[in-house]
Amino acid sequence: MNIRTQIMVAAIAVIALAVLIYMIHGNMLKLKYALTWFLLVAGVLVFGCFPSLTSVLAGFLGIETPVNMLFFAGFCFSLIIIFSLTVVVSRLSVSQKKLTQEIGLLKKELEEVKKERHEETSK
Amino acid sequence: MKKLIIIPAYNESASIVKTVEEIKKQAPEFDYIVINDCSTDDTGKLCRIHEIPVIDLPMNLGIGGAVQTGYRYARKKGYDMAVQVDGDGQHDPFFLRQMARELEKEGADLLIGSRFLEKKGFQSSVLRRVGIRYFSWLIRLVTGKKITDPTSGLRIAGKRAIALFAVHYPEDYPEPESVTAVLRRGWKVKEIPVIMRERSGGVSSISAKQSVYYMVKVTMAILMECIRKEEKDEY
């Protein structure tokens, strides 16, 4: 990596960080789910600023070309993020189902109460 | 004994009124409630016009979520028995009385109306029968009990099973999985022969394209059911 790519990578990471913070600030993104993305940006920033780290780490893990390690790490990280999303979706669908049922039951009860009242007043 | 009929309905305007009329005639001692699963036709409107008690779901939940709403309603209102009768006219309400009597007599938790005990009436296609046989075998494998028609939607549940289904009921293709759930708890499941008809309106929830997903999903669900922890919710 030469200095130009380094600057580019760092710039992208900083912009991503700014977007993340902006979105959390504006309540468009929940901090809870943004944490993994923060971690990713931090990783990119570190490896972008210190490219020699990749070779050291790749050598330590026994991966011949550092770029392969980056691809592999990125792939694993994406999997983690996607999986956590699946977990969130499952949880959401359960609570959505419960809510929908509860609303249906409440609407029914409301109708019954209204009808009873109507009958009482018309007596 | 308070008894409830749960009628899940999604776009069943063609047959819903007929189904309810039949219920009123054949099983007058049962209360009934239509669960309108956010139909896009006027199923809900028809129910109101004919003064049929109906629960309108604000979102489409699919068959499992709709039927579960019925079980939750039954639990809330303290029903002793609840039975699902499909809105498409497949289930003959004629058998309900007998099923209720049998459930009480046997002290069972779940009583299934089986198409295959006497092999009368609409028997479904060959392929579907093979699938049903397979589920029957799988359930026997994991629970040791023989259920000839695990996919039958015509099933009457006792108080304990109502409470279970109110908290724990699969979302799609719920029948084989929920039978397994009841059997796994060591509760009593009985079957009696019934005759089913071909549907008079609407389409099956299982199309040819979905059948592969159906087989895989239900197989997984039955196996998972065996290792699932008891849900902490009270029932």
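Quick notes
- Highest mobility in the GNM of chain A, judged by mean-square fluctuation with C-alpha springs under 10 Å and restricted to A:SER52, A:SER93, A:SER84, is found for A:SER93.
- Between A:LEU92, A:LEU45, A:LEU105, the residue with the greatest mean-square fluctuation in the GNM of chain A (Cα pairs under 10 Å linked by springs) is A:LEU105.
- Accessible area per residue for chain A, computed on protein heavy atoms with a 1.4 Å probe, is 77 Å².
- Listed cross-link partners B:LYS159/B:LYS217; B:LYS2/B:LYS120; B:LYS3/B:LYS159; B:LYS3/B:LYS25 are compared with a 19 Å cut-off, the Cα-Cα value being larger for B:LYS159/B:LYS217; B:LYS2/B:LYS120.
- Order by protection proxy (mean Cβ within 10 Å, highest first), peptides B:30-38, B:45-53, B:123-131: B:30-38, B:45-53, B:123-131
- Equivalent ellipsoid semi-axes - Cα gyration tensor, the stretch B:27-112, angstrom: 24, 14, 12
- Summed over both chains, the area buried between A and B is near 1600 Å², taken from the accessible surface of protein heavy atoms with a 1.4 Å probe.
- Here the convex hull built on the C-alpha positions of the protein assembly as shown has a volume of 203 cubic angstrom per residue.
- Principal semi-axes in Å for chain A [√(5λ), Cα gyration tensor, largest first]: 55, 17, 7
- Highest-MSF residue in chain B out of B:PRO170, B:PRO93, B:PRO58 [GNM, Cα springs under 10 Å]: B:PRO58
- Protein accessible area in the stretch A:3-88, 1.4 Å probe - carbon and sulfur %: 81 percent
- The angle between the Cα long axis of helix A:31-49 and the main principal axis of chain A comes to about 10°, on a 0 to 90 degree scale.
- Axis angle, to the nearest 10 degrees, between helix A:3-25 and the longest C-alpha principal axis of chain A: 20 degrees.
- Size-normalised alpha-carbon gyration radius of the stretch B:1-154, reference 2.2 N^0.38 Å: 1.08
- Protection proxy ranking for B:22-29, B:133-140, using the average of other Cβ atoms within 10 Å per residue and placing the highest first: B:133-140, B:22-29.
- In terms of its Cα atoms, the stretch B:67-220 spans 40, 32, 28 Å along the principal axes, sorted from long to short.
- As a length-normalised measure over Cα pairs under 8 Å and 6 or more apart, the relative contact order of the stretch A:3-88 settles at 25 percent.
- The mean number of Cβ atoms from other chains found within 10 Å of a Cβ in peptide B:52-59 is 5, as a whole number.
The values are calculated or read from the model by the stated rules, or taken from the named source; none is laboratory data. A quick note: this is a predicted structure, and the numbers were derived from the prediction, not measured. Note that we place each Cβ from the backbone using ideal geometry, even for glycine, and neighbour counts take in every protein chain shown. Heavy atoms of the whole protein, side chains included, go into the accessibility calculation; ligands, DNA and RNA do not. Shrake-Rupley method; radii C 1.70, N 1.55, O 1.52, S 1.80 Å.
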